[in-house]
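Student: The structure that follows is given in the form of structure tokens.
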Amino acid sequence: MLATISAFAIVPAMKTIYTTIPLGFDGQVIEVEGSITQGLPQFDIVGMANKTVSEARQRVRNAIKSLGLYFPPNHITINLAPAEIPKEGNFFDLPIAICILTLSNQIAPPNLQNTIIVGELSLDGKIRPVRGIINIIETGITAGFKHFIIPKDNLAQVQFEQQIDLIGVAALKELILFFTGQSRPTLPTTSVVKNTETDENDLILADIRGQTLAKQALITAVAGHHNILLSGPPGAGKTMLAHAALNLMPPLNKKEALEVTKIYCLFNKTSSLAINRPFRSPHHTSTLTSLIGGGAQLKPGEISLAHQGILYLDELPEYKRETLEALRQPLEDHQISLSRANLKCTFPSNFMLLATMNPCPCGYLGDPNHKCKCKNFEIKRYQNKLSGPLLDRIDIRINVDAVKTSDLYQEITDKRSELVKEQDVVKNNITEAIARQHARYHDETTFNSMLSSTQIVKLINLETKAKQLLNNASERLNLSARSYFKIIKVAQTIADLHGSNTIAEAHIAEALSYRM
């Protein structure tokens, strides 16, 4: 049948297929307008398409021919509207192929005015996944679309969308059979299984010798989502404490999992829903763009990839000063706004900053067992890499002393399973403290560390002695207004860990001990 189709069977007409593309942290509906007219064989794609989009001509042509279908030897024009928006990526292959097959009368799909189609084609007609699938679905839903045809490998990321007709296809042939009524792809009934218990192979607090104060400060930081800085000599256990922090955090809930997945599928092509909290540890040589995001395509950076998790910066003073100063706004606002000539977007950056540093370049300043070899101007230059405004945004600052070598090698009398159970008790206490915060603020996304000064005065109760101790300490230590309120927020987290509804004098005293 297809062999009898000739160029004269092509009637000048236009067909519109709808797709969506990620644009920043949001998206944009794109109309894929196709037209086939008489003339010399030519295939044009217009509408500010970059090289990746233009190369869709070869992918679409080969995919159609690989199925034994007919590719019209006429003048084919594909317009991607709105034309003023730059188009990049592999999102348009599948809608372009459907548009051409419809215009050449090889398929007669149902009304697609309420359908979004997206996917990349391989040369043999298979459909590959695309990045930003959650943005694509959310943008389509906001625009009023009800039906979505997406790559099958992207289904796991959007399986929780229940109010829409979601179809996953693995090949162009499969979609053509669906349009002809011969088959219907189905959504897999997979679910995310979360394990709230600690694995026996994970790094836990019991694996770290000594450091009682640092461990307690770490628990407080995780419970209240507070930023924390650990300072101490080499080999004191700072890095181990940082990695143990991730195992103290509760699992992602559904909303948080979708937020994390949305960010990661913008960054690269992922085929699953996030189930673990992110732990990002960029090297100190990382560029400013890689840390905060941006670039020609405005992709998220490390601070956004650490959203709902931990951003670990080892050897903090070794980072460039301009890179560290760029953290000030995200640490305060929990988001990063990026602007370019033709686009402005805001990425979420609600992370817990966990940083470590040595007290001096050699690392042994103040260590009773080692003599510091640094000169005064070297120490001052090293410590001045951390500005006052940046340090003021770090809630907890702890000195981590070196552990005695005689205490390092000790026989473990408890079984590993018993130590893991103790870790789970700590995690449950943290989870309960977080639940108290969410109940107090009537919001599952708000932690003590995120409160404004107005909210602190309105929602947090300090006992009289606690308030007196804080005021006296503020005068003696010459605390800034930000530091004053941060002590209250840390004290509230300590109170939540102890199950107290008010901040007592002991809670303020402990919070003050966390200001190095």
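Student: Could you tell me whether any residue of segment 289-296 is closer than 27 Å to residue 446 by Cα and touching a residue at least 60 places away in the same chain (Cβ under 8 Å)?
Tutor: Scanning segment 289-296 turns up no residue that is closer than 27 Å to residue 446 by Cα and touching a residue at least 60 places away in the same chain (Cβ under 8 Å).
Student: Picking from 79, 111, 105, which residue would you name as being over 28 Å from residue 264 (Cβ atoms), outside any helix (DSSP H, G or I) and free of Cβ contacts under 8 Å to residues at least 12 places away in the same chain?
Tutor: Numbers: 79 fails: free of Cβ contacts under 8 Å to residues at least 12 places away in the same chain; 105 fails: free of Cβ contacts under 8 Å to residues at least 12 places away in the same chain.
The match here is 111.
Student: Quick one: which residue in 510, 475 is on the phi < 0 side of the Ramachandran plot, surrounded by fewer than 17 Cβ atoms within 10 Å (Cβ to Cβ) and not assigned by TED's automatic domain parsing to the domain that holds residue 392?
Tutor: Exactly one of 510, 475 is on the phi < 0 side of the Ramachandran plot, surrounded by fewer than 17 Cβ atoms within 10 Å (Cβ to Cβ) and not assigned by TED's automatic domain parsing to the domain that holds residue 392, namely 475.
Student: So which helices (runs of 4 or more DSSP H) are wholly in segment 211-270 and hold at least 1 residues that are among the small types (Gly, Ala, Ser), more than 18 Å from residue 351 (Cα to Cα) and in contact with a helix residue (DSSP H, G or I) (Cβ under 9 Å, 6 or more places away or on another chain)?
Tutor: Those helices (runs of 4 or more DSSP H) span 212-224.
Student: Another question, then. Let me spell it out: the conditions are (1) without any contact (Cβ under 8 Å) to a residue 40 or more places away in the chain; (2) touching a strand residue (DSSP E or B) at 6+ places or on another chain (Cβ under 8 Å), and residue 483 meets all of them except one. Which number is the exception?
Tutor: (1)
Student: Among the candidates 340, 328, single out the residue that is surrounded by fewer than 20 Cβ atoms within 10 Å (Cβ to Cβ), among the basic types (Lys, Arg) and within 25 Å of residue 486 (Cβ to Cβ).
Tutor: So the residue among 340, 328 that is surrounded by fewer than 20 Cβ atoms within 10 Å (Cβ to Cβ), among the basic types (Lys, Arg) and within 25 Å of residue 486 (Cβ to Cβ) is 328.
Student: For segment 131-165, name all the residues that are more than 24 Å from the chain's Cα centre (by Cα), assigned to a strand (DSSP E or B) and either of a type outside the set (D, E, K, R) or outside the structural domain of residue 99 (by TED's automatic domain parsing) (or both).
Tutor: Scanning segment 131-165 gives 147, 148, 149.
Student: Then there is this: Looking at 94, 112, 103 in this structure, which one is assigned by TED's automatic domain parsing to the domain that holds residue 20 and at pLDDT 95 or above?
Tutor: 94
Student: Among the residues of segment 496-504, is there at least one that is in a loop (DSSP other than H, G, I, E, B), touching a helix residue (DSSP H, G or I) at 6+ places or on another chain (Cβ under 7 Å) and under 22 Å from residue 350 (Cα atoms)?
Tutor: No; the residues of segment 496-504 include none that is in a loop (DSSP other than H, G, I, E, B), touching a helix residue (DSSP H, G or I) at 6+ places or on another chain (Cβ under 7 Å) and under 22 Å from residue 350 (Cα atoms).
The values are calculated or read from the model by the stated rules, or taken from the named source; none is laboratory data. The structure presented is a predicted model; accordingly, all values stated were derived computationally and were not measured. As a convention, Cβ positions derive from the backbone with ideal geometry for all residues, glycine included, and neighbour counts pool all protein chains shown.
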